[in-house]
Every structure is written in C-alpha cells, then in structure tokens.
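Peer 1: Before I ask anything, let me first share the structure, which is written out below as structure tokens.
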Ligand SMILES: Nc1ncnc2c1ncn2[C@@H]1O[C@H](COP(=O)(O)OP(=O)(O)O)[C@@H](O)[C@H]1O
Ligand SMILES: [Mg+2]
C-alpha cells in the first residue's frame, strides 16, 4: 500500500503527518517513509540522518543501502535531496524505487514536495491513496482546488484515490465549508499549541484516528447519534 502525503503549499504539516502516521502504522506493520522532497527535504536534520543515503542514490544504486531507521523508531526512511539533484533522476527511476519499496513493505508513505515535476509525478500515480493536507485558509483552499484541477487535467492523479485532511484548525472551520474540494475531507486536526515534534502524544492520537479514516475504519457512532439518525429517517419518511 502506497500512501502519498501531498499539498501544493509548504508548512501545512505534510512531514509531521507522514511521520506520525509512520509511527502509528509501524506498531503492527513494516513501514518505509520516502521523502520525495528536493526543496530540500527535512528528514536529515529533523531525524538526524545521513544525507548521502538519499533518494537519488536509492534510485541510481542499491536502495537497500540507503534505508535508515530513525533513533527509537521501528520504521525505515529514505531521505530527500537538494534542488539540483532532481535533474539526475527520471520518472522511471522513481517509479522503480516505489515499486521495489512496495514489494518489501506493508506501507510506503511518501512525503511529497509541493512542486510538481517529472520525478514527483510517480509518487502521485503509484499511490493507492493521496492524502492532501491543507489548512483552513483561503490561499490553501484555493491552491488545492487549482492543483486538483491541474493534476486531473494532465492525468497525474486519479481523484478517486484522493482525500483531504484539514490541519491546524483554529475554532470553527470557515473556508473549507464554503468550497467543494471535489474530494472527501476525511479528518480534521486542531492547531496544537506547543507542538514540538511529530511524536507529540496529541499528534500521535490524531494520527491514529487519521489512519482509521484513511483506511475506511469508521468509528462506531454513539448510541445517541444512531438513535437521532433513526428518528431523522422516520421523520423524513413521514
Ligand atoms: N496540528 C498542528 N498544530 C500546530 N502546529 C503544527 C500542526 N501540524 C504541524 N505543525 C507545525 O507546522 C510546521 C510545519 O509542519 P511540517 O510538517 O514541516 O509541514 P510541511 O511538511 O507541509 O512543510 C512545523 O513546525 C510543525 O510542528
Ligand atoms: Mg515537509
């Protein structure tokens, strides 16, 4: 299963959510996170890893030699690269790497950079799910709408595989409720004050619920909610 975490905007929480999901999924599954980010990526500094074991060397050499396990984690990662490195890769190189990883791992999570290029498109086309991360602000919402249109037009994305999570929600949602993204919004995460890292307890709790929403494990509705829905249906019939 390949899950790509994407957003046309930086700073919305892609890396945080990809790593939090990896932590949760790796409790019971074999997980690898591929940082498909040349802007440059964050994994090297964030997780204190070797920058030589990056996506370019994984594509052009033996990818197994580029797998690294962050301290204290059960999942593996391949770190991203620097802006000039993108030119040394072709679509097929990244496609092959994703295929190899998905043959070896239960879950391959891809932390994808905002810019679309030849080397980032396979991360969209090879994904079983594409999770769009956005904030409830006007620029994030309108950029996501524009990006979805663009990706669909060029055949870079199967929208049936796409869904969205709204991150850093403060109070009542405004913009997202007024716009039809065209993909389902499966979960919302509040703005977590003093969030220092993806491993934060509250973030991990949300990642668990996000995981359930992503893989279709809807929480059982409360008895009260079911009764109310039942009443509503009876009322509608009458
Ligand atoms: N729900 C949240 N509440 C508060 N801060 C968050 C939340 N999600 C992410 N952040 C913070 O936002 C910043 C950008 O997150 P990051 O995951 O690096 O975004 P991206 O990968 O999309 O650029 C980080 O400092 C991160 O700790
Ligand atoms: Mg990031």
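For every residue, the table says whether it meets (1) over 17 Å from the mean Cα position of the chain (by Cα); (2) surrounded by fewer than 11 Cβ atoms within 10 Å (Cβ to Cβ); (3) at pLDDT 95 or above.
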residue	(1), (2), (3)
137	yes, no, no
161	no, no, yes
203	no, no, yes
208	no, no, yes
225	yes, yes, no
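Peer 1: Within the stretch 59-67, does at least one residue satisfy the condition of being touching a strand residue (DSSP E or B) at 6+ places or on another chain (Cβ under 7 Å), modelled with pLDDT under 95 and either away from ligand 2 (no atom under 13 Å from the Cβ) or at negative phi (or both)?
Peer 2: Checked against the condition, which is being touching a strand residue (DSSP E or B) at 6+ places or on another chain (Cβ under 7 Å), modelled with pLDDT under 95 and either away from ligand 2 (no atom under 13 Å from the Cβ) or at negative phi (or both), the stretch 59-67 yields no hits at all.
Peer 1: Scan the stretch 58-85 for residues that are crowded, with 19+ Cβ neighbours inside 10 Å and part of a helix (DSSP H, G or I) and jot them down.
Peer 2: Listed by number, the residues that qualify are 58, 59, 63, 66.
Peer 1: Select from the stretch 24-42 the residues that are assigned to a strand (DSSP E or B) and farther than 12 Å from residue 75 by Cβ and list them in ascending order.
Peer 2: Listed by number, the residues that qualify are 35, 36.
Peer 1: Within the stretch 147-169, is even one residue more than 18 Å from residue 131 (Cα to Cα), touching a residue at least 12 places away in the same chain (Cβ under 8 Å) and more than 10 Å from ligand 1 (Cβ to nearest atom)?
Peer 2: From the stretch 147-169, those more than 18 Å from residue 131 (Cα to Cα) are 153-154; that's our starting set.
Going one step further and asking which of them are touching a residue at least 12 places away in the same chain (Cβ under 8 Å), we end up with none.
No, every residue in the stretch 147-169 fails to be more than 18 Å from residue 131 (Cα to Cα), touching a residue at least 12 places away in the same chain (Cβ under 8 Å) and more than 10 Å from ligand 1 (Cβ to nearest atom).
Peer 1: Residues of the stretch 10-32 being in contact with a strand residue (DSSP E or B) (Cβ under 7 Å, 6 or more places away or on another chain) and within 12 Å of ligand 1 (Cβ to nearest atom), which ones?
Peer 2: Result: 12, 13, 14, 15, 17, 18, 19, 21.
Peer 1: Only one of (1) under 20 Å from residue 3 (Cβ atoms); (2) within 16 Å of ligand 2 (Cβ to nearest atom); (3) surrounded by fewer than 24 Cβ atoms within 10 Å (Cβ to Cβ) is not met by residue 36, so which one is it?
Peer 2: Failing condition for residue 36: (3).
Peer 1: Still on this structure: Of all residues being out of contact with any helix residue (DSSP H, G or I) (no Cβ under 6 Å at 6 or more places or on another chain) and closer than 17 Å to residue 135 by Cβ in the stretch 184-194, which is farthest from ligand 1 (Cβ to nearest atom)? Just the residue, please.
Peer 2: Per the criteria, the residue is 185.
Peer 1: Would you check if residue 104 is surrounded by fewer than 22 Cβ atoms within 10 Å (Cβ to Cβ) and closer than 27 Å to residue 156 by Cβ?
Peer 2: Yes; evaluated as a whole, the condition is true for this residue.
Peer 1: Looking only at the stretch 38-50, how many residues end up being over 20 Å from residue 10 (Cβ atoms) and in contact with a strand residue (DSSP E or B) (Cβ under 9 Å, 6 or more places away or on another chain)?
Peer 2: 2
Peer 1: Further question: Return the residue satisfying two criteria in turn: it lies in the stretch 42-57 and is within 16 Å of ligand 1 (Cβ to nearest atom) and crowded, with 23+ Cβ neighbours inside 10 Å, and of such residues it is nearest to residue 96 (Cα to Cα).
Peer 2: 55
Peer 1: What number goes with the only condition from (1) in contact with a helix residue (DSSP H, G or I) (Cβ under 8 Å, 6 or more places away or on another chain); (2) over 25 Å from residue 9 (Cβ atoms) that residue 104 does not pass?
Peer 2: (1)
Peer 1: Across the stretch 159-183, what is the number of residues that are touching a helix residue (DSSP H, G or I) at 6+ places or on another chain (Cβ under 8 Å) and more than 16 Å from ligand 2 (Cβ to nearest atom)?
Peer 2: 11
Peer 1: What is the number of the single condition among (1) within 13 Å of ligand 2 (Cβ to nearest atom); (2) without any contact (Cβ under 8 Å) to a residue 40 or more places away in the chain; (3) farther than 19 Å from residue 131 by Cα; (4) in a loop (DSSP other than H, G, I, E, B) that residue 45 does not meet?
Peer 2: In the conditions (1) within 13 Å of ligand 2 (Cβ to nearest atom); (2) without any contact (Cβ under 8 Å) to a residue 40 or more places away in the chain; (3) farther than 19 Å from residue 131 by Cα; (4) in a loop (DSSP other than H, G, I, E, B), residue 45 misses (4) alone.
The values are calculated or read from the model by the stated rules, or taken from the named source; none is laboratory data. Just so it is clear, the model here is predicted, and its values are computed rather than measured. For neighbour counting, all protein chains shown are included, and Cβ atoms are generated from backbone atoms with ideal geometry for every residue, glycine included.
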